[in-house]
Amino acid sequence: NNQLQWIYIAGGTTSAVTLITAAPVDWVHVAITWSKAADQVKAYISGAQTGATQTGLGVWVGALTSTVVCIGSISTAPANVWSGTEAHMAVWNSALTAAQLLALATL
């Protein structure tokens, strides 16, 4: 339904940003950053923050290799994966800045 959704779930807390687009696009750069120290989750599309900064994060435990970590899923269940093409995934060990995400989106 022309929607993109960024979801952070941890410790019984869910933070989400939903973007409803006017029409499908050919290529977009999407990113989510989270910082427990700053108590913030931010969603980005094509290098610009979309939606409000989410706060009040729960305590996230686990590992990125866990079966509950989903990249490109249409729900929180790993079996419900995105139906489309994804390329060039990256995971950093710190939250990137808006300037860094803009640079990545315009490569």
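The values are calculated or read from the model by the stated rules, or taken from the named source; none is laboratory data. Given the structure is predicted, the values throughout are model-derived calculations rather than measurements. When we count neighbours, we look across all protein chains shown, and the Cβ atoms used for this are built from the backbone with ideal geometry, even at glycine. Accessible surface areas use protein heavy atoms only, side chains included; no ligands, DNA or RNA. Shrake-Rupley method; radii C 1.70, N 1.55, O 1.52, S 1.80 Å.
Structure data summary
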| item | result |
| --- | --- |
| Selection count where residues are more than 12 Å from the chain's Cα centre (by Cα) and open to solvent by 90 Å² or more (accessible area, probe 1.4 Å), scope the range 25-46 | 5 |
| Residue list for the range 97-107, filter: in a loop (DSSP other than H, G, I, E, B) and at pLDDT below 90 | THR106, LEU107 |
| Any hit, the range 47-66, residues being loosely packed, with under 10 Cβ neighbours inside 10 Å, farther than 18 Å from ALA16 by Cα and modelled with pLDDT of 80 or more | no |
